[in-house]
Amino acid sequence: MHSFRYVNDQLTCENVPLAALADAVGTPAYVYSAETIRTNFRRLDRALAPLDHRICFAVKANSNLAVLNLLAGEGAGFDIVSGGELFRVQRAGGDAGHCTFAGVGKTRAEIEQALRAGVHCFNVESEAELAFIDEVAGQLGLVAPVAVRVNPDVDAGTHKYISTGKSKNKFGIGLDRAEQVYREAAARKNLRIVGVQTHIGSQILDPKPFAEAVAKLIPLVETLKAAYNLEFFSIGGGIGIVYDPALASGDPAWWNAADHPRRITPEAYAEAVVPLLLPLGLKILLEPGRFLVGNAGALLAEVLYVKETPTKRFSIVDAAMNDLIRPALYEGYHEIHPLTQSTAAPVVQDVVGPVCESGDFFAQDRPLAPLAAGDLIALLSAGAYGFVMSSTYNSRPLLPEVLVEGDTWRIIRERQTYEDLVRGEIIPEQ
């Protein structure tokens with residue numbers, strides 16, 4: 001579900017024509033739909049209603065303060081992976097006591113910060129981390145709430161860079177060693193065992209791997225609940241979104257209908273996991289990111305030039321890989337639409353940016369509406385892992401972010417200036 005649609009041939013976000021917005025704030029720019037975020041959260045929340053549960057938004061997907069504030073208003077907790085993300089949650093009005101702190105490399109400063117803030121739990125990834133959190137908590141005279149991330153060795157069938165649930169990944173403790181690690185944790189006086197956590201990967205479009213992971217872990221969770229009076233079982237995130245509508249119709253030859261569904265819905269997800277989880281009698285945490293915000297965002301860009309070669313047509317736009325790196329990093333697909341709807345026959349073309357890298361592209365050999373210099377386009381499904389992964393490579397200032405609500409819009413991050421680019425840099429005195 002998303003709120004980007006053509007109205008009278010003009011692509012709109014909710015009730016705001018994107019061409020007018022682009023004229024007001026310039027391009028490139030990120031635009032988010034508040035309606036889409038709220039609808040996605042509420043739909044998932046309703047689907048999980050039979051369970052005592054909390055949805056902890058994965059801040060790494062989109063960490064803008066206004067987005068976090070919106071989700072905090074919906075009652076969300078937060079899944080954080082750094083001290084900076086904890087700072088953002090608190091600045092946005094979120095409750096540190098509803099934060100789970102994940103990540104394989106927490107620093108002393110981050111652990112101290114989280115303990116003082118009173119985070120709900122540390123999701124622990126190794127025995128070494130358990131020992132270190134115990135040490136830091138002891139030095140502060142505090143007790144750290146912990147849950148061990150248990151790796152169920154489930155293949156979610158995602159891109160190798162976003163797979164986390166197999167034994168060869170850097171994340172978590174193997175299922176075969178989990179009970180021993182919990183015994184070690186219980187023996188440490190500055191740790192308090194509060195739960196079990198797992199996460200098998202990102203952008204998963206099939207409920208089956210989620211159910212498989214839960215089913216594999218339930219015997220362990222039942223054993224640990226009896227031994228340590230667990231408070232919760234965190235089943236992670238990873239619910240995917242449909243980036244390419246062709247996947248919903250099964251067009252690409254590589255899309256194997258026998259192995260993959262057309263899409264995942266909150267209802268299908270809940271149908272797969274709720275019956276397994278209800279008998280546990282535990283609070284269930286889950287940590288979605290992309291599902292809540294991915295389809296809520298678009299990247300607006302302007303065509304600068306159209307370049308024709310004997311073998312290629314390039315539409316060169318003012319956005320670049322430093323603004324949206326998913327196509328270069330993950331071979332990520334984003335729908336591309338002109339802001340003014342076209343009835344012309346599609347033209348095969350590459351949509352590329354101005355950065356000096358061959359990987360600076362958004363689409364290759366894709367049939368799209370014919371584009372000309374000055375045309376405005378939107379790259380859809382850019383609300384997750386878009387701005388948060390952007391950089392100032394090639395000394396390109398960071399983009400503005402805009403939040404649309406109904407027929408109004410607000411800038412929620414200002415466009416960076418050249419002065420911002422060099423702020424903090426120092427030329428040593430000679």
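Residues of the stretch 8-35 that are assigned to a loop (DSSP other than H, G, I, E, B) and either crowded, with 16+ Cβ neighbours inside 10 Å or in contact with a Ser or Thr (Cβ under 9 Å, 6 or more places away or on another chain) (or both): ASP9, GLU14, ASN15, THR27, PRO28. Residues that are at pLDDT below 90 and of a type in the set (Asp, Glu) were ranked within the stretch 233-272; the one that is farthest from the chain's Cα centre (by Cα) is ASP251. Scanning the stretch 190-232 for residues that are under 23 Å from the mean Cα position of the chain (by Cα), assigned to a helix (DSSP H, G or I) and not basic (Lys, Arg) yields PRO207, PRO209, PHE210, ALA211, GLU212, ALA213, VAL214. Does THR107 satisfy being surrounded by fewer than 21 Cβ atoms within 10 Å (Cβ to Cβ) and in the same structural domain as GLU271 (by TED's automatic domain parsing)? Taking the combined requirement at face value, the residue satisfies it. The residue that is farthest from ASP420 (Cα to Cα), counting only those in the stretch 384-410 that are outside any loop (DSSP other than H, G, I, E, B) and aliphatic (A, V, I, L, M), is VAL404.
Applying the condition of being surrounded by fewer than 16 Cβ atoms within 10 Å (Cβ to Cβ) and hydroxyl-bearing (Ser, Thr, Tyr) to the stretch 306-330 and asking which residue is farthest from ASP365 (Cα to Cα) yields THR309. Provide a single number: the residues in the stretch 360-389 that are in contact with a Leu (Cβ under 6 Å, 6 or more places away or on another chain) and of a type in the set (Gly, Ala, Ser). Selection size over the stretch 360-389: 3. Set side by side, the residues ARG88, ARG5, ARG38 differ, and just one is in a strand (DSSP E or B), surrounded by fewer than 21 Cβ atoms within 10 Å (Cβ to Cβ) and either over 15 Å from the mean Cα position of the chain (by Cα) or without any contact (Cβ under 8 Å) to a residue 24 or more places away in the chain (or both), which is ARG5. Can you name the condition, by its number, that ASP95 falls short on among (1) within 18 Å of GLN203 (Cα to Cα); (2) surrounded by fewer than 22 Cβ atoms within 10 Å (Cβ to Cβ); (3) acidic (Asp, Glu)? Against the list (1) within 18 Å of GLN203 (Cα to Cα); (2) surrounded by fewer than 22 Cβ atoms within 10 Å (Cβ to Cβ); (3) acidic (Asp, Glu), ASP95 comes up short only on (1).
Taking the criterion of being within 25 Å of the chain's Cα centre (by Cα), among the hydrophobic types (A, V, I, L, M, F, W, C) and surrounded by fewer than 21 Cβ atoms within 10 Å (Cβ to Cβ), the only residue of the stretch 116-153 that qualifies is ALA117.
PRO367 meets all of the listed conditions (1) in contact with a Pro (Cβ under 7 Å, 6 or more places away or on another chain); (2) assigned to a loop (DSSP other than H, G, I, E, B) but one, namely (2). Tell me whether the stretch 373-385 contains one or more residues that are more than 30 Å from ILE239 (Cα to Cα) and free of Cβ contacts under 8 Å to residues at least 40 places away in the same chain. Within the stretch 373-385, not a single residue is more than 30 Å from ILE239 (Cα to Cα) and free of Cβ contacts under 8 Å to residues at least 40 places away in the same chain. Within this structure, ALA72 fails the test of being in contact (Cβ under 8 Å) with a residue 24 or more places away in the chain and among the small types (Gly, Ala, Ser).
The values are calculated or read from the model by the stated rules, or taken from the named source; none is laboratory data. It should be emphasised that the depicted structure is a prediction, and the values quoted were computed from it without experimental measurement. So basically every Cβ, Gly included, is an ideal-geometry build from the backbone, and we count neighbours across all protein chains shown.
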